[in-house]
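Report on the following structure.
Readers should treat all values here as calculations from the given coordinates under stated rules, not as data from a laboratory. Note that the structure is predicted; figures quoted are calculated from it, not measured. All Cβ positions, glycine included, derive from the backbone under ideal geometry; neighbour counts span all protein chains shown.
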Amino acid sequence: MSEGQKRQREVEAAMVWTVSAGATNVRRETAGFAEKPFDLRGALSRYFAEARAACGAFERIALGYLGLSCALMAMFAENLEHPVKLIATQALVALGILILCRAEAKSAQLAATGETFAARSLHFWRHWYPHLFFLFCFEEMGKLVHLVSPLWQDAKLIAFDHWLTGVNPSLWLEQFARPDLNEFMQFAYFTYFLFLLILSAILYYRREWESYWAVMTYSAIGYALGYIISMLFPVQSPWFTFAGMWHGDLAGGPFTALINLIEKCGRVHGAAFPSQHVAGAMAALWGAWRHRRWLFWIFLPFVLFMCVSTVYVRNHYVADVFGGMVTGTLGYAIGSWVMKLRGAVASATEERTTIRVNQELTA
């Protein structure tokens with residue numbers, strides 16, 4: 001065998017050994033990958049860690065309320081018709097909030113070079129879902145009002161109103177009822193739905209995210225305080241307590257018809273004390289004072305008329321109004337302190353603002 005043939009065989013042997021060794025390594029690596037199972041617990045842990053990181057002060061209040069109400073449901077389950085269903089519903093709402101927050105945070109990171117329609121949609125719902133959350137919590141109170149006590153406490157508030165005014169205000173005010181006054185009072189009652197919407201729309205349009213979430217947090221705390229009180233101290237309102245004692249319905253125009261429709265579709269039997277109407281209006285009023293002072297002065301007379309209207313249209317006692325003023329003001333006071341804590345504004349919102357500013361600077 002010539003010297004050239006020997007060298008050729010050595011090269012071929014080396015190539016065979018290299019390929020065999022490489023295949024063996026690939027098999028080992030593949031086997032190692034197959035032996036390592038998917039870490040579902042770790043993936044879920046990372047997912048929820050990211051979701052929590054995307055939450056701000058509002059979410060901490062909202063999730064805290066859901067957790068506390070679930071704990072109360074578990075403690076007093078015997079007083080509920082479907083405790084498991086209610087707790088499961090609360091858990092699904094909490095999960096939905098976490099999913100939305102994480103999704104919006106991810107979309108903000110991916111939108112560094114320009115916002116997509118999906119990113120804009122997530123950003124919108126991330127900021128406006130609190131309104132739906134408030135509505136959900138209020139409607140749910142119809143099932144939780146007797147969570148702790150089976151007895152209505154209206155007699156105590158009727159006694160307080162009589163001590164304060166010398167009459168039963170809701171029944172006494174009926175002597176002044178006439179269509180034009182009824183319509184005005186129903187309009188004043190309707191304005192409750194506008195205060196937070198108007199203020200938050202202005203702040204959202206101006207991209208003042210810290211102020212926006214501050215206002216939402218004031219409202220969340222004020223409502224949460226009211227919901228917890230309603231669970232501990234059930235009150236059904238003059239509408240139910242004095243049913244049959246009125247001389248007639250409050251006749252009026254379009255606002256009267258609109259309020260009657262809203263009440264027909266969403267009236268809750270109970271949760272009258274403290275008045276969530278007044279609490280929500282007070283939180284928005286204080287928010288306007290802090291973040292849009294000119295709007296405060298526009299809101300003020302409407303809020304005052306709305307407070308009177310809640311008694312006139314037979315939905316609340318005077319004591320309910322005072323209770324709502326207190327819880328709404330506490331929502332503002334506590335919320336102002338909460339917003340000073342680290343992470344009060346969701347990180348995704350801050351990042352999106354930074355991206356927008358950078359884009360404007362480089363444009």
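Based on the alpha-carbon gyration tensor of the range 229-299 and its eigenvalue square roots a ≥ b ≥ c, which shape applies: rounded if a/c is under 1.5, prolate if not and a/b is larger than b/c, or oblate?
Values: a/c = 2.84, a/b = 1.47, b/c = 1.93.
Oblate, since a/c reaches 1.5 and b/c is not below a/b.
Modelled spin labels at ARG120 and ARG207, positioned 7 Å past Cα toward Cβ, are 1.4 nm from each other.
Between the range 245-279 and the range 128-172, how many Å separate their Cα centres? Distance between centres, Cα-based: 13 Å.
Using a simple spin-label model with pseudo-atoms 7 Å out from Cα toward Cβ, ALA77 and LEU258 lie 4.4 nm apart.
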